[in-house]
Amino acid sequence: MAIYSSNKNRLQAGILLPDKTVQNLIDFSIVIPAYNEEGRIVCTLKETAEVFENFNSSYEIIAVDDGSTDKTRENVEAFISSGASYCRKVRIESYSPNMGKGNALKHGASIARGKYILFLDADLDLHPSIAKELYEIIKTKDADVVIGSKMHRKSVLHYPFLRKLTSYCYYIIIKILFRLSIKDTQTGIKLFKREVLGKCLPKVIVKRYAFDLELLVAVNKKGYSIVEAPVRVDLKRQFGRVGIKDAIRVFFDTMGVFLRLNFKKYYD
Ligand code: UDP
Ligand code: MG
């Protein structure tokens, strides 16, 4: 049974808190989906908090434990009660069973109070300091969304050839099927203006890895601008966790988005 800390239906639908019910909107919400990240999550939270402490902005970090079966939740709770001054800006949401990265991001965004909402993977393959560059781009280019992109010519990628190849193949499929102006939908750091997620998240059906694609398709369809930013990727896990079963699921989910976009006109 799923355990949610507040309104389950709203959380599942990805409906953001209405601005008027949020007492004071803060500057940034950082949503971190975490599935079996007991070894990395505390380090990610610390590094993220340190980055945002230097921003001179108000922020909150929402870690979403997506049905982990290890000590992810316990480790975050221990960190929160460890007494460092920034710990009170960290929250943990937890539910069970595991439902997918997209579900975790939707859940976290639904309780976010930030004017800007950052999605950040929990494994530190992408350092949270990249957020600063994303924010500069969102400001200077007056973009609605800025996404980290492994396909950006200035990106520095330290990960195995096989992963580069699978990323590239997916990029080609997306290019053929969707003709988006962006090249890479899947990199785990993205910055959104609150309004964009408010409008687009409720449209997103996919709960697992093709969530990113579906969200960006919805964003694009609603006419919001998306800009790609360079990233540095340092793979921390020796072996990727996205297996053949996940890949097949991504394929079918991607086809689902294609059908909804072109035949059902679902994102119009
Ligand atoms: N994740 C999640 N639920 C899942 C699978 C992954 O919340 O069912 C989180 C995971 O902890 C990480 C992010 O989603 O923070 C990306 O997952 P992963 O690193 O496994 O994917 P990859 O980087 O290989 O695309
Ligand atoms: Mg990862």
When (1) closer than 30 Å to residue 43 by Cα; (2) more than 16 Å from ligand 2 (Cβ to nearest atom); (3) acidic (Asp, Glu) are applied to residue 184, the one that fails is (2)
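Can you name every residue in segment 59-77 that is touching a helix residue (DSSP H, G or I) at 6+ places or on another chain (Cβ under 8 Å) and surrounded by fewer than 22 Cβ atoms within 10 Å (Cβ to Cβ)?
Restricting attention to segment 59-77, the residues satisfying the condition of being touching a helix residue (DSSP H, G or I) at 6+ places or on another chain (Cβ under 8 Å) are 59-66, 72, 75-76.
Answer for segment 59-77, where residues must be touching a helix residue (DSSP H, G or I) at 6+ places or on another chain (Cβ under 8 Å) and surrounded by fewer than 22 Cβ atoms within 10 Å (Cβ to Cβ): just 60.
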What are the pairs, 6+ residues apart or on separate chains, where a residue within segment 228-253 that is touching a residue at least 24 places away in the same chain (Cβ under 8 Å) has its Cβ under 7 Å from a residue that is aromatic (Phe, Trp, Tyr) and within 12 Å of ligand 1 (Cβ to nearest atom)? 233/159; 235/159; 242/209; 246/209; 250/209
Are any residues in segment 103-145 under 25 Å from residue 8 (Cβ atoms), more than 12 Å from ligand 1 (Cβ to nearest atom) and among the small types (Gly, Ala, Ser), and if so, which ones? 109, 110, 112, 114
Please name all residue pairs, on different chains or six or more residues apart, with Cβ atoms under 6 Å, provided the first residue is in segment 70-93 and is among the hydroxyl-bearing types (Ser, Thr, Tyr) and the second residue is part of a strand (DSSP E or B). 72/34; 72/65
Filter segment 228-267 down to the residues that are among the polar types (S, T, N, Q) and over 26 Å from residue 124 (Cβ atoms), then identify the one that is farthest from ligand 2 (Cβ to nearest atom). 262
Can we say residue 73 is modelled with pLDDT of 95 or more, within 16 Å of ligand 1 (Cβ to nearest atom) and within 20 Å of residue 15 (Cα to Cα)? no
Test residue 182 against the stated conditions and say whether it is more than 20 Å from residue 58 (Cα to Cα) and either in a helix (DSSP H, G or I) or within 15 Å of ligand 1 (Cβ to nearest atom) (or both). no
Going through 102, 108 one at a time, which residue ends up being in a helix (DSSP H, G or I), over 15 Å from residue 51 (Cβ atoms) and touching a helix residue (DSSP H, G or I) at 6+ places or on another chain (Cβ under 6 Å)? 102
So if I check each of 33, 18, which one is free of Cβ contacts under 8 Å to residues at least 60 places away in the same chain and either more than 16 Å from ligand 2 (Cβ to nearest atom) or closer than 28 Å to residue 202 by Cα (or both)? 18
Which residue, of 137, 147, 111, is under 19 Å from residue 215 (Cβ atoms), within 16 Å of ligand 2 (Cβ to nearest atom) and touching a residue at least 24 places away in the same chain (Cβ under 8 Å)? 147
Regarding segment 208-227, can at least one residue be identified that is assigned to a helix (DSSP H, G or I), within 16 Å of ligand 2 (Cβ to nearest atom) and touching a strand residue (DSSP E or B) at 6+ places or on another chain (Cβ under 9 Å)? yes
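Per-residue answers, yes or no, for (1) modelled with pLDDT under 95; (2) over 21 Å from residue 148 (Cβ atoms):
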position: 223; (1), (2): no, yes
position: 228; (1), (2): no, no
position: 232; (1), (2): no, no
position: 242; (1), (2): yes, no
position: 246; (1), (2): yes, no
position: 256; (1), (2): no, yes
Answer residue from segment 114-129, given it is surrounded by fewer than 23 Cβ atoms within 10 Å (Cβ to Cβ) and outside any loop (DSSP other than H, G, I, E, B) and is farthest from ligand 2 (Cβ to nearest atom) among those: 115
With criteria (1) more than 15 Å from ligand 2 (Cβ to nearest atom); (2) surrounded by fewer than 22 Cβ atoms within 10 Å (Cβ to Cβ); (3) closer than 20 Å to residue 11 by Cα, residue 100 comes up short on (1)
Looking at 85, 96, 129 in this structure, which one is of a type in the set (S, T, N, Q) and either modelled with pLDDT under 95 or in contact with a Phe, Trp or Tyr (Cβ under 8 Å, 6 or more places away or on another chain) (or both)? 85
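The values are calculated or read from the model by the stated rules, or taken from the named source; none is laboratory data. Here the structure is a predicted model, which is why all the values come from computation and not from measurement. Glycine gets a Cβ as well: all are built from the backbone with ideal geometry, and neighbour counts include every protein chain shown.
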